[in-house]
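Let me begin by presenting the structure, written as structure tokens, before commenting on it.
Since every read-out is calculated from the coordinates, none of them should be taken as a lab result. These figures come from a predicted structure and were not determined experimentally. Counting neighbours? That spans all protein chains shown, and the Cβs are built from the backbone with ideal geometry, glycine included.
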Amino acid sequence: METVLKIFRGDGTAGAFRDYTVPLQPGMVVLDAVHWVQAHQASDLACRWNCKAGRCGSCSAEVNGKPRLMCMTRMDHFPPGEAITLAPMKAFPVLKDLVCDVSWNYGVNRRIPAFRPRPPEPDGTWRMQQDDIDRVQEFRKCIECFLCQDVCHVLRDHDRKDQFAGPRFLVRLAGLEMHPLDAASRTAHLKEEAGIGFCNITKCCTEVCPESIHITDNAIIPLKERVVDDFYDPLRRLWRRLRGTS
Amino acid sequence: MVAVPDELRRTGFAATERRDAWWVAPLLQGTVLAVLITYANWAALQNANYRWGGYLSPLYSPLITISWLPLPPSLLILLPPVLFRATCYYYRKAYYRSYFLDPPACAVGELRGNRYRGETAFPLVLQNLHRYLFYITFLYLPFLWSDVVHATSFGGSFGVGIGTLVILANTTALTLYSFSCHSARHLIGGSLDCFSCSAGARARHAAWKGASVLNARHMLFAWVSFFTVCSADLYVRLVASGVIHDIRLL
Amino acid sequence: MDRFETRTYDVLVIGAGGAGLRAAIEAAEQGVSVAVVCKSLLGKAHTVMAEGGVAAALATTDGRDSWKVHFRDTMRGGKLLNDWRMAQLLAQEAPARVRELEAWGALFDRTSDGRILQRNFGGHQYPRLAHVGDRTGLEMIRTLQDRTVQAPRIDVLMESTVARLLTDGGRISGALAYRRESGRFLLLRTKAVVLATGGIGRAYRINSNSWEYTGDGHALAYDAGADLIGMEFVQFHPTGMVWPLSVRGILVTEGVRGEGGVLKNSRGERFMFRYVPEMFRGDFADTEEEADRWVADVIAGRKAEARRPPELLTRDVVARAIAQEVREGRGSPHGGAFLDIASRRKPEEIRKKLPSMYQQFLELADVDITREPMEVFPTTHYMMGGVKVDPETQSATVPGLFAAGEVAGGLHGANRLGGNSLSDLLVFGRRAGLGAATYARAQTGEPQVDAARVEAVTVELLAPFERKGGESPYAVQEALQDMMGTYVGIARTADDLQGALAELERLRGRANRVGVDGNRQYNPGWHTALDLRNLLTVSEAVARAALARRESRGAHTRVEYPDSDPQFGRVNVVVRREGDAMAVREEPIVPLAGDLKAILEGKD
């Protein structure tokens, strides 16, 4: 059994999809097929990978147009005899073949106001209940594959990278905002820097998340509500003014 | 603009390498939503056949009749629930996808160019006031439950008909839809950072956990409650206009 | 040297796993300028794969635990070959390092009174592993990553590979690296280097490691003239997946056996009963009936009166047994042993106790472990050996060179306990960062690099491009991996090891003739060609050290010498470069301090 992979070969200026015929093995994943091409047909085919077990989030690409981890996509998931298209993530500049420049994400992360814990107990440690951290632990499952950033139309189609942090970093901000020890407020950052208003909650990020994080319902919408508390709710504004805490 | 070669830059409308029938879901969703909205509008404008015995169409509840108003009362009554749904986090997703095509589906190209502002500018920035519509429509729930009680009254004696069950189902669906609201979930407990730090916070955490269970099914309740509202109206309307007869069960 | 991107730092950290990031954070806090250079993107290092937890005697779950017990467990697990001072520091400092992560935002699972929850693990006397479900490593790496990017004095040079260390009068003065993305050379002048490059798993075909694990730090240190110790101790985890090919080597947790899973050969025999070593005979069950009683007791939460099943022998023993069964023709269809839990426990119990294993086999192998047995075979997992370091500062035998984490040797002796690698990263990552910063501050003058040497290295690095049509680097890497698995695997003989050394010579010749296609821009073929050099160096070190240790101890098994030899219990095997040759010598271990000896003997 063989199948044809149509892999994008090229860089940020030019390129084309090229066909590679790959022998199929039982249980093979798309990343295995890419490695086979590297070892036998194109040693310079560029792709990122590390753990090959869906834990590091390196091998993100678009398989038949859908953002996926190549290591967790079985070849027998596709109809036999049909070519499989492999392209790099399109929301980011292509460096070469399946590798793109995701450095913008690291810059966004750097600007997020840091974790600031409240003072510890007299023994120097903190007490937290499992109930307090369950919510945040969901956000901390993120493996930074950036598939949510790739599929988000605000970044992908509208290219608002200057104004919008993207789902990955809204998840990170949620993990800080809802952290039971954290004493800082990031609602102004969310509204102005992270541009949470650009999200129109169409949920593609949640659909592609390989860690099944409920990005929209559990991270973004609760953050939008917190921004409403601080910036859009007229009664709260009035209340703050009356109490002189605005 | 992102450095992507022409071979990959397919940003035009509906451009994608997806091979599945991605257009089915937005099309179906848009169509069904349009049918429901059309029916509800039509029914609200009838200003007749909304009542039969103890049965009252939910589109006309709470029933306020203002004789000098040239419009059917339902229009005024319906304004908050309509806005509640229009600003609902689930319906926003549905109509942004099906009607605004922004995006039509995941990883599928869309129409608009550089003017995208999301919910940062007027009028969509008003979506942020969703919680006020929750407050107002929340006040409808006692009336809707009293409609259920009225629907068990047949000329002064207790009874249950098909209509009673239809109205009960609708009120239940609307209650679940309200309590599963994202704003409600935030107000109940989601706004807290520490759930265990006080007795009050612990109580709100318990409520938040319940709201979270419901919230996970908000989409389901949004659809079911829209169907039941229209079905309950249709049932009352058909009985009141004599097209069908209500069947008494008890 | 315009062809180079040149940067100058006080401290250069190579590797961005737990040890590298912790070292960088510490060095930056000392006020020196720091760069972290890593082969992958930040946050993708192999630390993310750690599941079980980080071992630290916090005593939150069981108040009887203390650093002394942790120290004793670590030393016993390492068959007393550990650097005892490192084991002491690990046990004493791990609790503070774990609490520090919490102050930086990490969220460990909690006890009912709101403190850090700890779980049981093999070799640890009390519940000791702070954890976050089965993703402790991810929590650690993310916490350290966020701390790193917020630090003002740390530059992170992602997707860059250090090819050689540069020295000036015997001291570290810099490193030559290349940007993977562009292929451009990066000349890094620095006063001190912290190696935090992890292990050597990619020297074997079947391994649980990522592509990055090519022994870079071991080889860089060796080239720079540093001593490597304990290179014969490669930990093979007994149960790795074998089928399909795609998942070969992926770990199957020890928890499967803890839950009552048994190992069987193709004849259906529970062969582990035949492999109980003499010294453990009293501790393990003689009959299946007795083993089953132990499992029944443990499952029911009763104090087990029966002795443990032999499937729960130490990793080295189980790994050896499986390998022997397969070698003698009693293997499963795909060359492993059967690990059967389906016939031992109810399907709903298996799904509840082993959710990730159930998913892993169902999704990747089409095996429903509630209905059929798994096939398993040992997989290369961890390198106990590494750069010889001073336990206090983590400095290597070359001035300016430091090492922490898996690349450093000594701490784990002949065998590592689960959970100790994560605490190793934190405790010794911090110490290495501190040591390097202190050293760098004491240096006067700018580090000088030898231009001629840099020039020569660049020519060497670009050579594969000159050999268009040469052999594929992937083919040579695969040949090396197969050779190491065959000759320097779990059970070793002098003949095999000699054969390996001869084979390594031939492979070195092939490696010198590989050619690559394309250009320098993000070219994995070229990167693989360059990694071969490191793999060959560490493979030779493992083979030579294994030849020198004529006994069996911990993870190292010599077929001709099946027992431990007290003489070898008093020495480390040390490997060092002398000219172009690899010199091997035995070095006596410093005797244990008196008070620690008392702890070890359980008198304290």
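Put in line by how crowded their Cβ is, counting other Cβ atoms within 10 Å and starting with the fewest, C:His218, A:His153, B:His150, C:His527 read B:His150, C:His527, A:His153, C:His218.
Size descriptor for the range C:519-568, Kirkwood hydrodynamic radius: 13.3 Å (Cα pairs only, one decimal). Give, as a single signed number, the net charge of other residues whose beta carbon lies under 9 Å from the beta carbon of C:Ser356, with Lys and Arg counted +1 and Asp and Glu -1. That sum, taken over residues with Cβ under 9 Å, equals -2.
Can you tell me the 0 to 90 degree angle between the C-alpha axis of helix C:524-548 and the longest principal axis of chain C, rounded to 10? Taking the Cα atoms of chain C, the angle to C:524-548 is about 60 degrees.
Computed about its Cα centre, the charge dipole of the protein assembly as shown is approximately 2360 debye, with only Lys, Arg, Asp and Glu carrying charge at their Cβ. Run the Debye formula on the Cα coordinates of chain A, all scatterers equal and no solvent, and tell me log10 I(q)/I(0) at q = 0.11, 0.14 1/Å. Treating every Cα as an identical point scatterer, log10 I(q)/I(0) equals -0.67, -0.95.
Distance from the C-alpha centroid of the range B:99-149 to that of the range C:19-94: 50 Å, rounded to the whole angstrom.
Using only alpha carbon positions, build the gyration tensor of chain C, then give the equivalent ellipsoid semi-axes as the square roots of 5 times its eigenvalues, largest first, whole angstrom. Display every interim value, and only then the final one.
Details: eigenvalues 287, 158, 109 Å².
The three semi-axes for chain C are 38, 28, 23 Å.
Listing C:Tyr213, B:Tyr116 from the residue with the fewest other Cβ atoms within 10 Å to the one with the most, what is the order? Walk me through the numbers before you get to the answer.
Details: C:Tyr213 26, B:Tyr116 20.
Least to most surrounded, the residues fall as B:Tyr116, C:Tyr213.
What does the charge count near C:Arg576 come to, summing +1 for each Lys or Arg and -1 for each Asp or Glu among other residues with Cβ under 13 Å from its Cβ? The answer is -3.
Can you say what percent of the DSSP beta bridges in the protein assembly as shown, counting only those with both residues inside, are antiparallel? Round to 5. Antiparallel bridges make up about 70 percent of those DSSP assigns within the protein assembly as shown.
Taking the Cα centroid of the range B:178-205 and of the range A:186-246, what is the distance between the two, rounded to the nearest whole Å? One Cα centre to the other: 16 Å.
Here's how it looks for C:Asn572: its modeled amide H is under 5 Å from those of C:Glu587, C:Ile589, which are all 5 or more places away or on a different chain. Mean residue ellipticity, 222 nm, helices only, the protein assembly as shown: the sum of -39500 (n - 2.57) across DSSP H runs of n ≥ 4, divided by residue count and rounded to 500, is -12000 deg cm²/dmol. Summing Cβ point charges (Lys, Arg +1; Asp, Glu -1) relative to the Cα centre of the range C:238-379 gives a dipole of roughly 120 debye. Over all projection directions, the Cα-based convex hull of the range C:208-276 averages an area of 7.3 nm².
Over the range B:97-250, what is the relative contact order in whole percent, taking alpha-carbon pairs under 8 Å and six or more residues apart? Worked out over the range B:97-250, it gives 23 percent.
Look at the stretch A:223-230: the mean tally of other chain Cβ atoms within 10 Å of its residues' Cβ atoms is 5. Here the dipole of the range C:426-498 is about 520 debye; that uses its Cα centre as origin and unit charges on the Cβ of Lys and Arg (positive) and Asp and Glu (negative). With 19 Å as the cut-off, how large is the P(r) tail for the range B:32-145, expressed as percent of Cα-Cα pairs? It works out to 58 percent of all Cα pairs. With respect to chain C, whose longest principal axis is taken over its alpha-carbon atoms, helix C:473-487 is tilted by about 40°.
When Lys and Arg each count +1 and Asp and Glu each count -1, what net charge do the other residues less than 12 Å away from C:Ser421, Cβ to Cβ, add up to?
Working: positive: C:Arg416; negative: C:Glu51, C:Glu406, C:Asp424.
Net charge around C:Ser421: -2.
Once backbone amide H atoms are built at 1.01 Å from N, B:Phe154 has B:Gly159 as its partners under 5 Å, excluding neighbours fewer than 5 places away on the same chain. Projecting the Cα atoms of B:Phe195, B:Leu28, B:Thr87 onto the charge dipole of chain B, computed from C-beta unit charges around the Cα centre, puts B:Phe195 farthest toward the positive end.
Here the ratio of the Cα radius of gyration of the range C:21-159 to 2.2 N^0.38 Å is 1.12. Going toward the positive end of the dipole of the range C:1-87, with +1 on Lys and Arg Cβ and -1 on Asp and Glu Cβ, which of C:Met75, C:Gln30, C:Gly18 do you reach last? Highest projection toward the positive end goes to C:Met75. Think of chain A as having a plus end and a minus end, set by charges on the Cβ of Lys, Arg, Asp and Glu; of A:Leu31, A:Thr206, A:Leu238, A:Leu238 sits farthest toward the positive end of this dipole.
As a rough guide to protection, the peptides C:461-472, C:481-492, A:39-50, C:533-544 ranked by mean Cβ packing within 10 Å, highest first, stand as C:533-544, A:39-50, C:481-492, C:461-472.
Tell me, what is the percent relative contact order of the range A:90-223, built from C-alpha pairs under 8 Å that lie six or more residues apart? Mind showing how you got there, number by number?
Numbers: 152 pairs, mean separation 37.9, N = 134.
Across the range A:90-223, relative contact order equals 28 percent.
Let me check against my output: what whole-number percent is the relative contact order of the range C:238-379, with C-alpha pairs under 8 Å and at least 6 apart? Each step should come with its number before you reach the end.
Details: 238 pairs, mean separation 49.1, N = 142.
It rounds to 35 percent for the range C:238-379.
Against chain B, whose longest principal axis is taken from its Cα atoms, helix B:199-215 shows a tilt of about 80°.
Using a 10 Å cut-off around each Cβ, can you sort C:Met158, C:Met383 from fewest to most neighbouring Cβ atoms? Spell out each step's value before the answer.
Values: C:Met158 20, C:Met383 28.
Final ranking by Cβ density, sparse to dense: C:Met158, C:Met383.
A straight Cα-to-Cα reach below 30 Å connects A:Lys96 with the lysines A:Lys6, A:Lys52, A:Lys66, A:Lys141, A:Lys161, A:Lys203, C:Lys39, C:Lys44, C:Lys468, residues fewer than 8 places away in its own chain not being considered.
Ignore the peptide's own chain and count Cβ atoms of other chains within 10 Å of each Cβ in C:36-47; give me the average, rounded. Walk me through the numbers before you get to the answer.
On the way: counts 0, 0, 0, 1, 5, 11, 5, 8, 11, 3, 4, 1.
The per-residue average across the peptide is 4.
Over the range C:272-393, the Kirkwood radius and the radius of gyration, each from Cα atoms, give a ratio Rg/Rh of 1.04. Its residue count N sets the reference 2.2 N^0.38 Å, and the alpha-carbon radius of gyration of the range A:103-243 equals 1.10 times that reference.
Here is the P(r) of the range C:451-565: all C-alpha pair distances, binned every 5 Å from 0, give 2, 12, 20, 18, 14, 12, 9, 7, 5, 2, 0 in whole percents. The ellipsoid that matches the Cα gyration tensor of the range A:2-100 has semi-axes, each √(5λ) in whole angstrom, of 19, 16, 13, with the longest given first.
Per the Kirkwood formula on distinct C-alpha pairs, the Rh of the range C:166-205 is how many angstrom? Walk me through the numbers before you get to the answer.
On the way: mean 1/r = 0.0814 Å⁻¹.
After inverting the pairwise mean of 1/r, the radius is 12.3 Å.
Here the 3J(HN,Hα) profile of the range A:14-30, calculated from phi with Karplus coefficients 6.51, -1.76 and 1.60 at θ = phi - 60°, is 7, x, 7, 7, 10, 8, 10, 8, 10, x, 8, 10, x, x, 5, 10, 4 Hz, Gly and Pro shown as x. Globularity index of the protein assembly as shown is 1.03 (Cα radius of gyration / 2.2 N^0.38 Å, N = number of residues). Every pair of different Cα atoms in chain B enters the Kirkwood calculation, which places the hydrodynamic radius at 20.7 Å.
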